[in-house]
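What follows is one structure encoded as structure tokens, with my remarks underneath.
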Amino acid sequence: MEMDTKKPVPETQPWSEKFWEGTKEGKLLIQNCKDCKSVIFYPRKFCPECWSGNLDWKEASGKAKVMTFSTAYAAVEPKFMDELPYTVAYVDLEEGVRMMTRIVECKPEDVQFGMDVEVVFHEREGFFLPYFKPAKK
Ligand SMILES: [Zn+2]
């Protein structure tokens, strides 16, 4: 059996294209609903609170706090073996939305709950994935 070593890239949708365009310029874009003022992430066609399609984009500050995390040291899919160890986390953006991401530029043992982090983009096959690193003090 052949090992699948190709890493996945994001599947874009018409309503998430703007998000991925933003990442190419180093911008973390999130949506907000013009009707009920909800802040929305991940990109959607309709507001999850009021179902309005009247959505707009704004640039997030890129600052966040680690809500929870888990570090993989072994036993991951073969395509990710070369990246071990790595830390997958949920971070809460300053704007009030939660993102699943990776914590980078930090030893796994130094990642902490509530840690201040900031966005950094890592390129993979033309996509710029929003990861987070410890924030500068
Ligand atoms: Zn809404």
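The values are calculated or read from the model by the stated rules, or taken from the named source; none is laboratory data. This structure is a prediction, so every number in the text was calculated from the model and none was measured. Neighbour counts run over all protein chains shown; Cβ positions are idealised from the backbone, glycine included. To get the accessible areas, we keep the full protein, side chains included, count just its heavy atoms, and leave off ligands, DNA and RNA. Shrake-Rupley method; radii C 1.70, N 1.55, O 1.52, S 1.80 Å.
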Notebook entry, point to check: Based on the Cβ-Cβ distance of Cys106 and Glu49, what FRET efficiency does E = 1/(1 + (r/R0)^6) give at R0 = 30 Å, to the nearest 0.05?
Noted result: 0.35
Next item on the list: Please calculate how many Å² of accessible area the chain carries per residue, with a 1.4 Å probe and no DNA, RNA or ligand atoms counted.
Entry: 62 Å²
Checklist line | Carbon + sulfur, % of accessible area of segment 13-59 - ligands and nucleic acids excluded, 1.4 Å | finding: 46 percent
Checklist line | segment 13-59: translational diffusion in µm²/s, Stokes-Einstein, Kirkwood Rh over Cα pairs, 10 °C, 1.306 mPa s | finding: 150 µm²/s
Next item on the list: Sort the following peptides by mean Cβ neighbour count (other Cβ atoms within 10 Å, averaged over residues), highest first: 12-19, 85-92.
Entry: 85-92, 12-19
Notebook entry, point to check: What does the helix-only formula give at 222 nm for the chain: each DSSP H stretch with n ≥ 4 adding -39500 (n - 2.57), the total divided by the residues, and the result rounded to the nearest 500 deg cm²/dmol?
Noted result: -1500 deg cm²/dmol
Notebook entry, point to check: How large, in percent, is the carbon and sulfur part of the accessible surface of segment 72-137 at a probe radius of 1.4 Å?
Noted result: 54 percent
Check: Which FRET efficiency value, to the nearest 0.05, is calculated for Trp15 and Val76 with the Förster distance at 25 angstrom and r the Cβ-Cβ distance?
Finding: 0.25
Notebook entry, point to check: Too long at a 26 Å Cα-Cα cut-off: which of Lys6/Lys136; Lys18/Lys63; Lys24/Lys79; Lys45/Lys107?
Noted result: Lys6/Lys136; Lys45/Lys107
Note to self: Taking every alpha carbon pair in the chain, what does the distance histogram look like in 10 angstrom bins from 0, in percent?
What the structure shows: 12, 37, 34, 14, 3, 0
Check: What do you get for Rg/Rh of segment 55-117 when both radii come from the Cα atoms and Rh is the Kirkwood radius?
Finding: 1.05
Check: Hey, can you rank 24-32, 65-73 by average C-beta count inside 10 Å, highest first?
Finding: 24-32, 65-73
